[in-house]
Structure formats: C-alpha cells, structure tokens
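The values are calculated or read from the model by the stated rules, or taken from the named source; none is laboratory data. Just so we're clear, the structure is a prediction, and the values are computed from it rather than from any experiment. With ideal geometry, Cβ positions are generated from the backbone for all residues, glycine too; neighbour counts draw on all protein chains shown. Areas reflect the complete protein model, heavy atoms only, side chains present, ligands, DNA and RNA absent. Shrake-Rupley method; radii C 1.70, N 1.55, O 1.52, S 1.80 Å.
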Amino acid sequence: MRDDLLTPRRTAWAVLVATGVLTLGAVAGWAVATPPFTAAQLYSLVDLLDGVVYGAAAWLILSRRRSGSRLPGWIATAAALGGALAACCAQWQLAVGGPPLLTAVHQWAWVPGLYSLVVVMPWLLPERPPGRLDRVAVAIGLGYVALTVAVLATAPPPVGVVPLTPELRDARAALLRQLSPVLPYALVGLGALAAAGVAWRWRRGEPARRNGLGWVTAGSVLLTLAFLATLLPPAVVPPAAPALLMLASQAFFPAAVAVVVLRQQLWGLRLAVRRTLVWYLMTATVIAAYCAAVAVSDRLLPHAAPLPQLLVTGVIAAAFQPVRALVQRRVDGLVHGEPPELLLHRVVRSGGSTTDIGAAVATALRLADVRITEDGPQPPPHEGTPPVTVPLVRGDRLVGHLHAWPRPGELLDDRAGEALAVLAPVVAAMVDLAGTNRDLARSRQRLAEVRDEERRSLRRDLHDGLGPALSGIGLGLAATRNLLRRDPDRAEELLDRLTEELTARAAEVRELAHGLLPPMLADGGLRPALDLLRTQYARAGLRIVMRAPASLDPLPEPVATAAYGVTAEAVRNVHRHAGVDTCTVSLDRRPDLLRVTVTDEGRGVAAGPVRPGVGLHAMRERAQAVGATLTVGPAPSRGTTVCLTVPLECR
C-alpha cells in the first residue's frame, strides 16, 4: 500500500484513539466527582458529545479522503479532540479540585474546533472550486478563530497558559477594551453569513451536490442560535438554552458533514453509518420528548404524580414507529441520496438519446460519467479508473452496455452497483426505444425519398409523354379545321391519325394508372395484376414469361400489394437497364411463405453489395412493410435475379 494512503489512515486512527481515551477519561472523572446536573454540566455534555460524534466524523474523513482539501477533516479533528479534552478536564477538575491547568484547558480547548464549525466549515461544503467569496470567508473565519484562541491563551490565570511581560499585558488589555464588545457579536454575524451561504447552495446549487446540505444548514443555524442565546439576558433565555441548542445541532451537523465531504467514499460503511445515525437520532428524540413532556405535564397535572409519566410513556410508545419511519427516510436520503423511484423518474424524463440517458444516470448516482454503447461491450476512451460495465438486455436481446465511471478518488460501492442493476432494465428499454425511433426516422426519410421519386417519375411521364402528345393533338386539330374547306380528304386523313394518337395516349394513361396500383390487388388477386403487367410490357416490347401455380390467389392484400410492387419495379429495371427483350417471373406459393423471383439475362450487376438506388430503396421498403426478405444479385449464368420471400404463417 502506498505511503500517501497509509499516513492519513494512521492519523485517522490516532485521532479516534485519542478521542476515545479522553472520552473514557471524562466518564471516569464524572464517576469519581458525581456532580449535580446543572447548566455547567450540560456544557460538559456538549463537549463530551462533540468528542464522540466529531471523533467518528474525523476518522471517516481522514481515513477515506483521497483527494481535495483536507481542511474539513482537520476541523472535525479539532472539534473532537478539543471537546473531549475540555470534558475530561472539567470532570477531573471537579473530582480533584485542580490544578489550574485543568481549568485553563477546560475554558478554551473547545474553542478552535467549535468556532471553526460555525464560521469556516459551512463555506467548505460541498467540495467545489472555491470562489473569491469562499476564500475570503474562510480566511476571515480562520483569522477570527486564531484571534480568539490567542486572546484566551494569553489571559491571566487560571484561563490563560501563556505568560506575558507587563508591557504585553498592558497592550493586551488595551486591545481587549476595543475587541471585547465586538468579538461575541462577530461570531454570531460570521455564523449567520456561513449558514446563509450553505442554505443558498442547498436551495440553488447543482442537484447532484445538494444531498446533505439541508442537514448542514440546520446544524449551522442551531449552532449560530446557540451562541446568539449566550448574548441575550438570562431573563429572556434560560441558562441551559445555549447548551441545549448545541446538543440539538449535533443531530444534524456531524453526519451531514461526513456524507457531504465523502459522497461515494463511504463504500462498505453506508449501512453502519445509516443504522448508527438512526439509533442516535431516535435515542435523542425519545429522551428529549420524554423530558419535555413530563415537565409540561407535571405543571398541568400537579396532583396526579404517576399520571404524567404513564401518559407520556404511552404517547411516545404509540408515536415511536411513525417517527422512526420518518427519521429512517430522512437518514436514507442523507446517506444514500435519491431513492430508486426518484432515480427511475429522473432517467425516464431524461430524453430519448443515449447521451441524455447517460447524463441523467450520472447525475442521479453522482458519478463522473456514464456512457452507453450499442455496438459492443468495450467502453469508449475515458480518463480515470476502469468503469463498471452493466449489460443492457431487452427481453432476450442484448441492446447495449452501460459504462459507469466514479469521480476521481472515489469508488463505486455496493449501493451504486445495486442502483445500476435496478436501472439497467429501464435504461435497456429506453435504449431499445431510442434505436427503434432512429430506425423509424430513417424509414420515414426513405419513404419520403421514394414517394418524392415516384412523384418525379410520374411528373416526367406526364410532362415528357402525355403533355407533348396532347399538345400535338391540339395543334393537329387546329390544322384539320384549316383544311376542312380547302382539302377535305387531307383533313379526314389527319383526323384518322389524330384519333389513333389519342387512342394510344389513352392506353398509356390506363397503363400508368394500372401501374400505380391495379384494382384487382384489393381482392388479393396477384396473378391477374401480373397478367395485366405482362400485357402492358408486351406492347412496350418486353416479353414476360410467367411461371405461377394455379392455387396462387387469394393472398392477403398487403402481401399481394408488396409482391406486385417489387415485381413491377424489378421488371421496370429490366426494361430500362438490362438491354434484353425477355425476363422471367416465377411465383412459388407454400403454406408458410410466398416467393417471387424476377430473372433476366441482361447486363447484370457486379458481384458483391448492390449500390442502393431509389428503386432498390422502394423494393426494400415494401419488403420490410410485410416482414419479408429481399435479395438482389447476379443470376446463375448472366443477368440479374431479384428474390422476395414473404412469410405467411402469421397472416
């Protein structure tokens, strides 16, 4: 293991051991002294609780922090060691009555850590590139803490521990005359600004960075209110109120700090942190509720001594499970982040593209990046640690793979893996749907292209064929009118030619209409439609040899229409491009399929993939519409073969 990883872990364990020893020392001193429970003892309880909870938080942060600033870990360490040391010194001072050093340490050992929690820690959460305001606020906060510690350390005994010369004592006294009215209010002001800053980031910051900031905001506000309460007159605020507010802040602040700082680095400890926090909050809630309710009921029911305790016990027992469920949900949200149903909702609303889906998953699970590949299991190039890859299966088809990268210095814990496994079927369905939408969009584009080409072809036929012919007939009729009186015989001859021309053009119009969609196809009559096609091309000079069974019809109308469209397009290509006067159309009808083959012995196509044109696109679109397969390639001897196979078992 690398030395740069061993050192933080050793430091973390040293802090945990030192905090534990001091905590046991405080408990032992209390057992020896057995002092009455006063407001001063409440402050010792605050110090003791600071040592326990911030000792655990400091151990977590220092042992698991891999990158970024370690200042949050050192502030938690100062709060833990300072609180435990102050509690230990306070109890042993009561037990043995001295020496002065115990009094001095008890008076200000807790100051660096607790004051830093109030004025510095909120500006460090969540981890982000610090702005100018953050840097200025942290510098002012640290300067205020250093100034306060210096004032306390240089105070006259028994508070101070640093001896001063008479000149320095006079200078200190002059300085304190200026600072004493300001320092307590400055602490409250700086704490209020810090609480407002973290509250603003909680409400307005990036969604992926908000988890836990609500708890930090609550703890920061309670700490600031506790110090504000010390500035109010005793007639307004009871002496125990500041200590109680500080105790209440510990229900929110320590665990939230650890979770916000570490995020995904709580691998393997999420369950323990979650259960410990739920136990701690429920214990504190039950004790506080019992004490408050008994005190109130004693005042309301002074003559029934056992009744308040029994009534309160019953109410707390009845409310325990609902309160525990509420606390459990809040703690799960703090430790784990968004619940699975919110993750699914976020992913479903992300959009249709794989990029949007991956971005939604990365945001929901607080990952560095999530990418989806549809062409294989290999992840795309990416800096950082190797990703976790999850296959995306839709039914019995593999539609892609999801690749997830943790943030720098983090690992993917079991819950992240479980969340990816839960999201995989939903992501697979969305990826499959996205692919289907892309195929549908391409199909629509091809259909539009084919439709436009058919329209252009029809326009050419009308503009270049029928249009000039009708114009010529019109001119011929005008010439005939001029010849009626001068040369009736020539006029009659011209009328005969015009009649023949008009009859031919009418036949072309009928052929054009029948070529678009012969009416007999509506009844599934493929063979009559192909016979009509053969007759039309026979007049154009192309002989079609038809080979079809007697039991070909009737067919389902979509099958008959698709088969006719593919055959008509293939015959049209033969007539235009093959350079031959004969082709063969073979039809094979079986119970489960229909096969149509158009073969010619013309110029043929080159071996290999056929370059798709508009006509080939049209044939493939018709084949896909009925679930058929289409092959176009060279004939066995020479020429071209077009084969359409349509399944019939489900029709």
* Structure fact -> Scanning the stretch 119-133 residue by residue, those open to solvent by 10 Å² or more (accessible area, probe 1.4 Å), in contact with a helix residue (DSSP H, G or I) (Cβ under 7 Å, 6 or more places away or on another chain) and under 19 Å from Ala186 (Cβ atoms) turn out to be Trp123
* To do: Return yes when Val273 is at pLDDT below 80, aliphatic (A, V, I, L, M), assigned to a helix (DSSP H, G or I) and open to solvent by 20 Å² or more (accessible area, probe 1.4 Å) and no when it is not.
  => yes
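Residue-wise test of (1) part of a helix (DSSP H, G or I); (2) β-branched (Val, Ile, Thr); (3) modelled with pLDDT under 85.
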| position | (1), (2), (3) |
| --- | --- |
| Pro8 | yes, no, yes |
| Ala12 | yes, no, yes |
| Val15 | yes, yes, no |
| Ala26 | yes, no, no |
| Gln41 | yes, no, yes |
| Ser44 | yes, no, yes |
| Val52 | yes, yes, yes |
* Structure fact -> Scanning the stretch 157-188 residue by residue, those part of a loop (DSSP other than H, G, I, E, B), touching a residue at least 40 places away in the same chain (Cβ under 8 Å) and among the small types (Gly, Ala, Ser) turn out to be Gly160
* Asked: Which ones in the stretch 116-152 are farther than 19 Å from Phe253 by Cβ and outside any helix (DSSP H, G or I)?
  -> Arg128, Pro129, Pro130, Gly131
* Structure fact -> The residue from Gln107, Gln178 that alone is closer than 19 Å to Phe227 by Cβ and either open to solvent by 50 Å² or more (accessible area, probe 1.4 Å) or not acidic (Asp, Glu) (or both) is Gln107
* Asked: Of the residues Leu555, Leu587, which is under 23 Å from Leu630 (Cα atoms), hydrophobic (A, V, I, L, M, F, W, C), at pLDDT 80 or above and part of a loop (DSSP other than H, G, I, E, B)?
  -> Leu555
